[in-house]
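Read the structure below first, then the notes.
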Amino acid sequence: MGTSWSLRQAIRARKRVERSEVRRFTARQRRRRRNTWISLSAVLVVAIAAIATAYSPVMAVRTITVEGARLVNSDGIVNDLQSQIGTPLPLVDQRAIKASLVKYPLIQSYTVEAVPPSTLVVRLVEREPLGLIAADKGFALVDAAGVTLRASEKRIDGFPIIDTDADPESKGFQAAVAVLRALPDDVRATVDSVTATTRDDVVLVFADSGAEVRWGSAEESAEKARILAVLMESYPPDTVSLYDVSSTENAVVKPR
């Protein structure tokens, strides 16, 4: 009898423990679900508020600024993009912006940034004018890729004539461009012309003195530009008829 009664007591105690564990587990589940719903509701409220704010008149474009414009008329760009004024920042028409900016050949690339609450920033990377090539009616100012940035009946001051095959893919044009880009700005500004028929026969002529630079190959142009700058300090162009930097190991200066 004692053993049977003890067994029943043990069974009842175990059931009480099990029921208690079930209640605790159920309570934890309820708390977990409640906390989850509270978190989701908070996120949803924040998302709805953010969307409502982003698309509200408060976040509409009121100001357009252009950065990076040196040669491009920034006022003209702002005027061209007036259609975006009043548009919510997330709804700015990127295709319309592109259609406006492709009209400017000086623009190489651009990015558009929405700056809350109401500013649209257009950042430009301009093409770098490098030299002049002969055109049907005068000259074309081109960049290193051969893109025409400006046409003129007369020669444009401050830029050398690139006397090569006008095809930007030709070896002569690419060699001439590589050499011009390697020159320091102050040296390039004094160059009257650069000629090349291949990649290995580049020749420069200075504007005032007529001194010639036999460059040779466009390879090692950075080192050749450094050597030329040093030679010009010691032997100014008006005292020299020829600088030969075709060999970086044996540069030659020929006096007048």
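When DSSP beta bridges are limited to those with both residues in the stretch 111-176, what percentage is antiparallel, rounded to the nearest 5? Kindly include the intermediate steps, with their values, before the conclusion.
Values: 14 of 15 bridges.
Rounded to the nearest five, the antiparallel share is 95 percent.
Look at where the Cα atoms of the stretch 237-256 and of the stretch 83-134 average out, and the two centres are 46 Å apart.
Potential lengthening of the chain between Ile156 and Thr198 amounts to 12.5 nm, from the contour at 0.36 nm per residue minus the alpha-carbon distance.
In terms of overall dimensions, the C-alpha atoms belonging to the stretch 131-255 reach 40, 27, 20 Å along their principal axes, ordered largest to smallest.
Hand me the trypsin sites (Lys or Arg not before Pro) from the stretch 84-176 located in a DSSP loop with no more than 14 other Cβ atoms within 10 Å, in residue order please. Of the trypsin sites (Lys or Arg not before Pro), the ones in loops of the stretch 84-176 whose Cβ has at most 14 other Cβ atoms within 10 Å are Lys103, Lys137, Lys154, Arg155.
Residues whose amide H comes within less than 5 Å of that of Gly131, counting only those at least five positions distant or on another chain, are Val142 (H built at 1.01 Å from N in the peptide plane). For the stretch 58-126, the gyration tensor built on C-alpha atoms gives a prolate shape. Its axis ratio a/c (a ≥ b ≥ c) is at least 1.5, and a/b is the larger of a/b and b/c.
For GluC sites (Glu not before Pro), the sites in the stretch 154-256 that DSSP calls loop and that have at most 11 other Cβ atoms within 10 Å are Glu169, Glu249.
Under 13 Å from the Cβ of Thr65, count the other residues' Cβ atoms, weight Lys and Arg +1, Asp and Glu -1, and hand me the total. Let's see the in-between values first.
Values: positive: Arg62, Arg123; negative: Glu67, Asp75, Glu113.
Around Thr65, the surrounding residues sum to -1.
Bridgeable lysines around Lys254 (alpha carbons under 29 Å apart, same-chain partners fewer than 8 residues away excluded): Lys171, Lys224.
Rule-based calculations on the coordinates, nothing more; no lab input. As the structure is a computational prediction, the values presented were derived from the model and not from experiment. Glycine gets a Cβ as well: all are built from the backbone with ideal geometry, and neighbour counts include every protein chain shown.
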